[in-house]
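Worksheet: the structure to be examined is printed underneath.
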Amino acid sequence: MSANIRIAKVYSSFVEGIKATLSEIEVSVTPGLPSFDIIGLCDSSIKESEGRIRSALVSSGFSMPKGHITIGISPAYVKKSGTSFDLAIAAGILFASSQIMIPEGRVYLEGELSLTGQVRSTPACAIRLCSAAAAKFDFVIIPEDAVKSAECADICAMTVGSIADLRDVFLYGRYEPVHYEMKVYKVDPDDMIDLSELKGQNKAKRALVIAAAGCHTLLLLGSPGCGKTMAGKIISGLMPVPDRQEAAEIFAINELLEGGIIPDAVTRPYRYIDQNITTGSLIGNSRLLTPGELALANHGVLFADEITEFQRQTLEMLRQPLESRSVTVYGRGRKHKFPANYVFVAAGNPCKCGYAFEGRKCRCSPAARRKYLSRLSGPFIDRMDLICEMISIDSAAKRAILTDDDTRSSGSEAAAERVADARQMQKDRYRMFGRYVYNSNVSCSNYAELMRVPANAVAHLEEMSDKGLVSGRGYLAIIRVARTIADLDGRQDISVDDINEAVMFRRMEECI
């Protein structure tokens, strides 16, 4: 493109929800009265960029061209917002006014400009760069403080600290991109609660391992002080370190939060909610299109404490994401879907006083206990793959709390290895179904063949169902849990014992 051409084209992107859309930015500089127009259904944050761009250009040794400046940002039919277009618009003006030479090839830029010309990253940078990486631009220019986002996107790009650096890149041909790759960090075991610290709760320990291995939903009902909340924290340490793509999604979803603190090491999230959670905090902000707790728990753990005290409306909002593994936020006339693929653990008391499982200690009548647990609706209970009761620990277990036994070899470390092996078996088995498919959420036409359920296991489950020990709704859930139990043992086929153990964790009537 010759130096006297007054039109330039560059690229940037914007985010709606968790989806990034590439934008083509055309800049025209024509003779006439000085003016600055931005078209393309842009909000005030973009239209106000004139003042930032004008000051940044002058402060960096450039000049604002005289004449009529028109910036068109496509797609023009989609509402756009944010300040990430600043650098791209400024570069387009410099190209169109021939202050720097536009190169051969497509140029992608993003970043917010300060009045002095400094370039800063903006929220959701990682999501935008993921779309830019897929589009394979010839030149990618990003802010210096967007390195973590670039690693998340696995992109080849060059960072700049100010708009003045564009002079070196495009005028003197010093485009020196770097291939950024995300490093996955191992979690320090000392930062986690070990499985061995959950004293006197062997059944709950087993349930935690099964839930972590198959990404199953788990409901813990037990007496006050028996370790329910601790169990919810322990499960994070049983899950394997996230792979690069999982880590990228965890980073990207957290980066959507303005002012959010992004840690150096990306680990699986642990999100805690209680009965005081609001709809906006749970689902997300429909005005700002930012994620709520359901989406922030993606690839990690969502722990709902005191689940029997939740409002009915809140419980119903939890149901759909547990089935679809996603949450939908409606805003700006459109719907936006956030991923919500996590291990859900709920904990609560079985009755008002909490001692329903401990005989004479309970002060509630049978009718009162049934009424209290009826706060958990049938459809919600139906989505719990594992239901486990917990009681107050005995004197021996209490003494064990005070001892310093070195039981870590039989705690989280050993269990985490088995969980990782079981998840790898699921990854291999469900490779044809895509990523993030586990025993708990796989959908197919022939479960018996896919999950390797032999005829004797099917016959045994049908016999238990005929006796009324298994409901029709829980039939498939039992198969899924039994498949995870077999995976933990490294076996290809489900056994009758696996079915029996899955049924033991499924029977809600034992918890009343």
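The values are calculated or read from the model by the stated rules, or taken from the named source; none is laboratory data. These figures come from a predicted structure and were not determined experimentally. Please note: Cβ atoms are built from the backbone with ideal geometry, for glycine as well, and neighbour counts cover all protein chains shown.
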Pick from the range 437-465, criterion farther than 16 Å from SER495 by Cβ and of a type in the set (Gly, Ala, Ser), ranking: surrounded by the most Cβ atoms within 10 Å (Cβ to Cβ): SER440
Looking only at the range 100-122, and only at residues there that are touching a Phe, Trp or Tyr at 6+ places or on another chain (Cβ under 6 Å) and crowded, with 24+ Cβ neighbours inside 10 Å, the one that is farthest from LEU87 (Cα to Cα): VAL107
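Scan LYS337, LYS352 and give me the residue that is in a loop (DSSP other than H, G, I, E, B) and either touching a Pro at 6+ places or on another chain (Cβ under 7 Å) or more than 21 Å from MET239 (Cβ to Cβ) (or both).
Going through LYS337, LYS352 in turn, the sole match is LYS352.
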Is at least one residue of the range 69-80 out of contact with any helix residue (DSSP H, G or I) (no Cβ under 9 Å at 6 or more places or on another chain) and closer than 24 Å to ALA164 by Cβ? no
Out of (1) surrounded by 22 or more Cβ atoms within 10 Å (Cβ to Cβ); (2) of a type in the set (Ser, Thr, Tyr); (3) over 27 Å from HIS179 (Cβ atoms), the one SER84 does not meet is (3)
Among the residues of the range 39-46, is any within 28 Å of ASN285 (Cα to Cα), in contact (Cβ under 8 Å) with a residue 24 or more places away in the chain, out of contact with any Gly (no Cβ under 9 Å at 6 or more places or on another chain) and part of a strand (DSSP E or B)? yes
Of the residues in the range 30-40 that are aliphatic (A, V, I, L, M) and at pLDDT 90 or above, the one that is farthest from ILE53 (Cα to Cα) is ILE39
Of the conditions (1) under 32 Å from the mean Cα position of the chain (by Cα); (2) surrounded by fewer than 22 Cβ atoms within 10 Å (Cβ to Cβ), GLU48 clears all except one; give me its number. (1)
Report those strands (runs of 3 or more DSSP E) wholly inside the range 123-223 carrying at least 2 residues which are assigned by TED's automatic domain parsing to the domain that holds ALA346 and surrounded by 16 or more Cβ atoms within 10 Å (Cβ to Cβ). 218-222
Looking at (1) free of Cβ contacts under 8 Å to residues at least 12 places away in the same chain; (2) under 25 Å from ALA252 (Cα atoms), which one does ASN202 not meet, given that it meets all the others? (2)
Looking at ILE478, ILE494, which one is under 25 Å from TYR342 (Cα atoms), assigned to a helix (DSSP H, G or I) and modelled with pLDDT of 90 or more? ILE478
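Look at GLU501 and say whether it is surrounded by fewer than 19 Cβ atoms within 10 Å (Cβ to Cβ) and either touching a Phe, Trp or Tyr at 6+ places or on another chain (Cβ under 8 Å) or at pLDDT 90 or above (or both).
yes
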For the subset of the range 102-122 comprising residues that are part of a strand (DSSP E or B) and of a type in the set (A, V, I, L, M), which member is farthest from VAL178 (Cα to Cα)? LEU113
Being within 31 Å of the chain's Cα centre (by Cα), within 29 Å of ILE155 (Cα to Cα) and in the same structural domain as CYS156 (by TED's automatic domain parsing), is that true of even one residue in the range 89-105? no
Going through the range 272-295 one residue at a time, which ones are within 17 Å of the chain's Cα centre (by Cα) and touching a residue at least 24 places away in the same chain (Cβ under 8 Å)? TYR272, ILE273, LEU282, ILE283, GLY284, ASN285, LEU289, THR290, PRO291, GLY292, LEU294, ALA295
Could you check the range 300-340 and list, in sequence order, the residues that are under 16 Å from the mean Cα position of the chain (by Cα) and in contact (Cβ under 8 Å) with a residue 60 or more places away in the chain? GLY300, VAL301, PHE303, LEU318, LEU322, GLU323, ARG325, VAL329, HIS336, LYS337, PHE338, PRO339
Might you check whether a residue that is surrounded by fewer than 16 Cβ atoms within 10 Å (Cβ to Cβ), in the same structural domain as PHE251 (by TED's automatic domain parsing) and not charged (D, E, K, R) occurs anywhere in the range 305-314? yes
Report yes if ASP168 is closer than 26 Å to ARG6 by Cβ and either free of Cβ contacts under 8 Å to residues at least 12 places away in the same chain or acidic (Asp, Glu) (or both), otherwise no. yes
Tell me which of these THR21 doesn't satisfy, since it passes every other one: (1) under 36 Å from the mean Cα position of the chain (by Cα); (2) not in a strand (DSSP E or B). (2)
